[in-house]
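Undergrad: If you scroll down you'll find the structure; I have some questions about it.
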Amino acid sequence: MNETNNETSTGSNRDLSNAADMIVCENVSKWYGDFQALDEVSATIKEQEVVVVLGPSGSGKSTWIRCINRLEQHQEGRIEVDGIELTNDLRNIEKVRSEVGMVFQQFNLFPHLKVIDNVTLAPIWVRKKPKVEAQEQAIALLERVGIPEQADKYPGQLSGGQQQRVAIARALAMEPRIMLFDEPTSALDPEMIKEVLDVMKELALSGMTMMVVTHEVGFAKEVADRIIFMDEGQIVEIGTPETFFTDPVEERSKLFLSQIL
Amino acid sequence: MSDFNVTGAEGTVSIKPPPETPKLPPRLWIKENLFSSPFNIFLTVASTGILLILGRGLLSFIFSHERQWGSTATNLRLLMTQAYPEEQYMRVWVCVGVIFTLTGLSMAVWNAGSRVALRRLGSFLLSTGVVIDILTLLAPFSSSATIIWLCVGTGISLFGGSLVKFSDEDKTMSVLTVTVIALAVAILSLWVVPYGHHSFVFERTPRSLAEAGTVALTTKLPWTIMLLIGIAAYFAGKAIREKVSQNVLRVSVLTIWFLAPPALLYLVLRDPDFDMGHVLNTDIPIFLVFAAVGAGLLFWLTRPTAGELGKVIAAITLLIGFGSFLTPMRMIIRILILLLAIFAISAPTFAGDTQTRRRYSLGWIGVSGVTCWLVTAINTPSTVEVPGSFFIGGVSLTLLIAIFTIVISFPLGILLALGRTSTMPIFRILCTWFIEFVRGIPLITILIFFSIMFPMFLPKEMEIGEVASIVIGYSLFSSAYLAENVRGGLQSVTRGQHEAADAVGMTTPQKTLFIVLPQALRVSIPPLVSHCIGVFKETSLLAIIGLFDILYIARNVIPNQTEFLGSVRENLLFVCLIYWILSYQMSKASQRLERRVGLGER
Ligand SMILES: Nc1ncnc2c1ncn2[C@@H]1O[C@H](COP(=O)(O)OP(=O)(O)OP(=O)(O)O)[C@@H](O)[C@H]1O
Ligand SMILES: [Mg+2]
């Protein structure tokens, strides 16, 4: 992963204005039946940028992030990921999905496969990697997330934090250019949250483009380049962590912050 | 799946055993469980009484002087294989031998068999002996027989009791050893105990002969050999297991299991009378052409970069396959084109490095080879002359139809279930209609239709045996039900699993094959097994359409023999016993399978 990157910090004190656009959303709207879940969402995320999406429950954070790898289908507007526009064309969808890794709130590991096979399955069958190579890579990734000794267990035998780290390794095994996190720590006990956040921080430092939905304010303050605040399907405010947490512009942001801080 | 750091299927978790619940001594256990309250006492006494009365009734039925058990004993061969010619019987034993060999081999390869504590074995023997004693006292035996059986029962009890008393707390024995010992005792008894010599002797009247003495050599010798073969195969398997890699060994044994039924059926039992000229100048060239062209095509199609062109070519092959039904040509060519089309369409799913691609092409050569051989073998007349419409009957026919039906309807049922849950409306509607239609028709109607009418619908040059068309009909019927069981499993796979597979970029076939089906089938093991047991038992409907299955022989053939006029009930009881033994084995196997895949753990 981007070894050439010589930056060792993330956060708003980085200058990314010259970086390429990785995710471009223009006026994205989505309805569930009559209910509008996304309302003209527009945002651009640069390469190597770490964006944290905040917002009250039901504000459309998951819906938006899931539109980006087409787990949900947007109905209006345009989404472009690394130069590929998401349309109904299956080939584009497959291409985007193999460049975008996703980590879910409920881990969603494959319970019938050992940890190592969870990680190697997609590289072998989607990336067409030779098995030996895929396994070496998987061991390296499991070391990176700190659990190489669990390779031959089944997911059901691991703790929640370990499972979530396997899920991160599984996503990284596809060598994605973008990682999406949808509340990766919300289903974890407090003592396990840190181990997952540490892995995510390390990932951010390595230069991965990341979009993270989370309620972990500490993580957002420390790692995020930008905060996007959503409410009722709209982007209400975009800002750096410093300004957003200390001096938000919008009324709704202030209300939200007063509730969670 | 992975090749390194294998530390046993269950991983390396070491679990501290839970504290043992103290075991009650028998007297206290009885007091606590059977005589704890007045109502409980009443229930215990009443149900014991009912059991005794039923047992007495059954025993007096079995041991009544009116029973002609000779009819079952003399006709055992008829019940097993119907009229397979005496002088060719070696073939049947070869088949049984192959199955025993494979069983022994598989048990070694899969490391089958748990261990049982000697104490538990002892208490089991103890209670068995007591049950035998009780039954002996209930049965209307002559006093000498009563004494013999009492001795046997008491002997077993004493042996079991001494095991319980004197063996160590944690001394165990492998279940396999126990089984082999039990089988060996049973087979040894054939040599020692004078069960009587039952047979038909055609020169005398009455033809049947039942005289005291041991069992005929033609029965006891082969069974002894079979047991030895099984044991030998087990140890051979153990020896091979040390040398060959697990995966290779398992895959090859599984392949042999799948090839065994058609091979035994068409090569050993029927002994096809090949017209070698025709085989050499037609069958083999056809196979070679398809094998070479197909392997080349598939090797090319599985290139990761084949892309759109690959899909187009696969679609064209499929079209040609269907189109081939419009023009006259050999059936085998049509079948091969269709098969190739299926392989071509699934090629992108299995694309990969050179090794994977080579394996896929080899897979095609294997499948097409087996298909060609099967078609040739089926169409070639048999050298074994057997009276009647089909060359084998009795238990063998029952098993044959059940096994083929189950093996065919499994993939078919899974495909139907996938079709019914697919997002493509054509498949969904077609599959739903098919399933609902088939489920709306009674099985017996389908069997009658396929045995009488189906052959008339075929094109003129095609012929199909009655048994083959019945298997087709029965498979269609069974697959509709099986599909519903699998669908239940498919629905139990959570949305999160689908999304996780989508998110790493798997295509729909990959997702189905690697993620959805394994989980769905695992959940559906219990209903699938009860479905299989149902398929096996319902083969008894074949009796109604006049096939010589075991029930038909027991009900209509034996009772009409001049020697055994009217001996229906004995044989029906025997048939019940056989059905029960086989079904019970299946359900035991399913319980083991469930434990093995850890269904309860999740
Ligand atoms: N499949 C669906 N069908 C109908 N409505 C849905 C569906 N999924 C989400 N919604 C609705 O869309 C809105 C946005 O949902 P979304 O899951 O994106 O919220 P969120 O911001 O992720 O909330 P949370 O913080 O609770 O996860 C909610 O009001 C929800 O009820
Ligand atoms: Mg959400």
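The values are calculated or read from the model by the stated rules, or taken from the named source; none is laboratory data. Since the model is a prediction, treat every value here as computed from it, not as a measurement. Methodologically, a virtual Cβ is constructed for each residue, glycine included, from the backbone with ideal geometry; neighbour enumeration extends over all protein chains shown. Ligands, DNA and RNA are stripped out before the accessible areas are found, and what is left, the full protein with its side chains, is counted by its heavy atoms. Shrake-Rupley method; radii C 1.70, N 1.55, O 1.52, S 1.80 Å.
Undergrad: Using the Karplus curve 6.51 cos²θ - 1.76 cosθ + 1.60 with θ = phi - 60°, what ³J(HN,Hα) values do you get for each residue of the range B:585-590, in whole Hz, with x for Gly and Pro?
TA: Listing the rounded values in order: 4, 4, 6, 4, 4, 5 Hz.
Undergrad: Could you compute Rg(Cα) / (2.2 N^0.38 Å) for the range B:33-239, with N its residue count?
TA: Against the compact-globule rule of thumb, the ratio is 1.30.
Undergrad: What is the average number of partner chain Cβ atoms found within 10 Å of a Cβ in B:147-153?
TA: 0
Undergrad: Rounded to the nearest 5, what is the percent of antiparallel bridges among the DSSP beta bridges in chain B?
TA: Beta bridges within chain B, antiparallel portion: roughly 90 percent.
Undergrad: Once you place label points 7 Å from the Cα toward the Cβ at B:Thr214 and B:Met586, how far apart are they in nm?
TA: 3.7 nm
Undergrad: What is the Å³ per residue value for the convex hull set by the Cα atoms of chain A?
TA: Convex hull of Cα atoms, per residue: 134 Å³.
Undergrad: Among B:576-589, A:36-49, B:149-162, how do they line up by average Cβ neighbours within 10 Å per residue, starting with the highest?
TA: Highest to lowest by the protection proxy: A:36-49, B:149-162, B:576-589.
Undergrad: I'd like to know which of B:Met226, B:Val109, B:Pro85 lies farthest towards the positive end of the charge dipole of the range B:33-239, counting +1 on Cβ of Lys and Arg and -1 on Cβ of Asp and Glu.
TA: So the residue furthest toward the plus end is B:Val109.
Undergrad: Moving on to the next point. Expressed as a whole percentage, what fraction of the accessible surface of chain A belongs to carbon and sulfur atoms when a 1.4 Å probe is rolled over the protein heavy atoms?
TA: 46 percent
Undergrad: Could I ask something else about it? Check each of the trypsin sites (Lys or Arg not before Pro) in the range B:106-198 and keep only those in coil by DSSP with at most 15 other C-beta atoms within 10 angstrom; list them in order.
TA: Listed in order of number, the matching sites are B:Lys171.
Undergrad: Provide the packing ranking of A:72-78, B:391-397, i.e. peptides ordered by the mean count of other C-beta atoms within 10 Å per residue, highest first.
TA: Descending packing order for the listed peptides: B:391-397, A:72-78.
Undergrad: Using Cα-only point scatterers and the Debye equation, what is log10 of I(q)/I(0) for chain B at each q in 0.05, 0.11 Å⁻¹, rounded to two decimals?
TA: -0.30, -1.40
Undergrad: Determine ³J(HN,Hα), in whole Hz, for all residues of the range B:443-457 in sequence, where each value follows from phi through the Karplus function 6.51 cos²θ - 1.76 cosθ + 1.60 and θ = phi - 60°; x replaces Gly and Pro.
TA: Ordered by residue, 3J(HN,Hα) equals 4, 5, 4, 4, 4, 5, 4, 6, 6, 9, 8, 3, x, 6, 7 Hz.
Undergrad: Translational D (Stokes-Einstein, µm²/s) of the protein assembly as shown at 4 °C and 1.567 mPa s when Rh comes from the Kirkwood sum over C-alpha pairs?
TA: Reported coefficient: 40 µm²/s.
Undergrad: So which GluC sites (Glu not before Pro) in the range B:395-491 are both in a DSSP loop and have at most 16 other Cβ atoms within 10 Å of their Cβ?
TA: In loop regions of the range B:395-491 (DSSP not H, G, I, E or B), the sparsely surrounded GluC sites (Glu not before Pro) are B:Glu461, B:Glu463.
Undergrad: Here's another thing I want to ask about it. For the range B:504-602, which GluC sites (Glu not before Pro) are in a loop by DSSP, counting at most 10 other Cβ atoms within 10 Å?
TA: Qualifying residues, ordered by number: none.
Undergrad: Normalised by the number of residues in chain B, what is the relative contact order in percent for Cα pairs under 8 Å and 6+ residues apart?
TA: Taking the mean separation of contacting Cα pairs over the length of chain B, I get 15 percent.
Undergrad: Further question: Could you order peptides B:429-435, B:53-59 by the average number of other Cβ atoms within 10 Å of their residues, highest first?
TA: Peptide ranking by packing, descending: B:429-435, B:53-59.
Undergrad: Count, for each residue of B:495-501, the Cβ atoms from other chains sitting within 10 Å of its Cβ, then give me the mean as a whole number.
TA: Counting Cβ atoms of other protein chains within 10 Å of each residue's Cβ and averaging gives 6.
Undergrad: Could you work out how far helix B:143-166 tilts from the main Cα principal axis of chain B, as a 0 to 90 degree angle to the nearest 10?
TA: 70 degrees
Undergrad: Ok, one more. May I ask you to rank B:His197, A:His112 by accessible area, largest first, using a 1.4 Å probe over the protein chains only?
TA: I get B:His197, A:His112, largest accessible area first.
Undergrad: Just to be sure I understand: of the beta bridges DSSP finds with both ends in the protein assembly as shown, what percent are antiparallel, rounded to 5?
TA: Close to 60 percent.
Undergrad: For A:Ile235, what residues show an amide H to amide H distance below 5 Å, using hydrogens built from the backbone and excluding near sequence neighbours?
TA: Amide H to amide H, under 5 Å and 5 or more residues apart or across chains, A:Ile235 pairs with A:Ser42.
Undergrad: OK, next. Quick one: which residues, 5 or more positions from A:Val53 or on another chain, have an amide H under 5 Å from its amide H? H modelled 1.01 Å from N in the peptide plane, none for Pro or chain starts.
TA: Under 5 Å from the amide H of A:Val53 lie the amide H atoms of A:Val212, A:Val213, A:Thr214, A:Ile228, each far enough along the sequence or on another chain.
Undergrad: What does the buried accessible surface come to for A and B, summed over both chains, with the probe at 1.4 Å? Round to 100 Å².
TA: The summed interface area works out to 3100 Å².
Undergrad: In addition: Solvent-accessible area per residue for the range B:33-239 at a 1.4 Å probe radius, Å²?
TA: 60 Å²
Undergrad: If you place +1 on the Cβ of every Lys and Arg and -1 on the Cβ of every Asp and Glu, how big does the dipole about the Cα centre of the range B:33-239 come out, in debye to the nearest 20?
TA: 200 debye
Undergrad: On to the next question. So what's the back-of-envelope 222 nm ellipticity for the protein assembly as shown, counting only DSSP H runs of four-plus at -39500 (n - 2.57) apiece and dividing by all residues, rounded to 500?
TA: Mean residue ellipticity at 222 nm (helix-derived): -18500 deg cm²/dmol.
Undergrad: In terms of modelled amide H atoms, which long-range or inter-chain residues lie less than 5 Å from the amide H of A:Met179?
TA: A:Gly101, A:Thr209, A:Met210, A:Met211
Undergrad: Right, another one. On average, how many beta carbons from a partner chain sit within 10 Å of the beta carbon of a residue in A:145-155?
TA: Averaged over the peptide's residues, the number is 3.
Undergrad: Next question. Around A:Lys30, with a cut-off of 9 angstrom between Cβ atoms, what is the net charge of the other residues, counting Lys and Arg +1 and Asp and Glu -1?
TA: After counting each charged neighbour, the total is -3.
Undergrad: Explain nothing, just compute: Karplus ³J(HN,Hα) = 6.51 cos²θ - 1.76 cosθ + 1.60, θ = phi - 60°, for every residue of the range B:69-85 in order, whole Hz, x for Gly and Pro.
TA: 5, x, 5, 6, 5, 5, 9, 3, 5, 4, 5, 7, 10, 6, 9, 5, x
Undergrad: Over the range B:453-602, give the accessible area per residue in Å² for a 1.4 Å probe, as an integer.
TA: Normalised by residue count, the accessible surface of the range B:453-602 is 47 Å².
Undergrad: Could you check how much of the accessible area of chain B is carbon and sulfur, as a whole percent, using a 1.4 Å probe?
TA: Percent of accessible area from carbon and sulfur atoms in chain B: 71.
Undergrad: Excluding same-chain residues fewer than 8 positions from A:Lys221, which lysines have a Cα within less than 20 Å of its Cα?
TA: Once the sequence-local lysines are set aside, what remains near A:Lys221 is A:Lys46, A:Lys61, A:Lys194, A:Lys201, A:Lys254.
Undergrad: Could you work out the relative contact order of the range B:33-239? I mean the mean sequence separation of Cα pairs under 8 Å and 6+ apart, divided by the number of residues, in percent.
TA: It rounds to 28 percent for the range B:33-239.
Undergrad: Treating only the Cβ atoms of Lys and Arg (+1) and Asp and Glu (-1) as charged, compute the dipole magnitude of chain B about its Cα centre; round to the nearest 20 debye.
TA: 1340 debye
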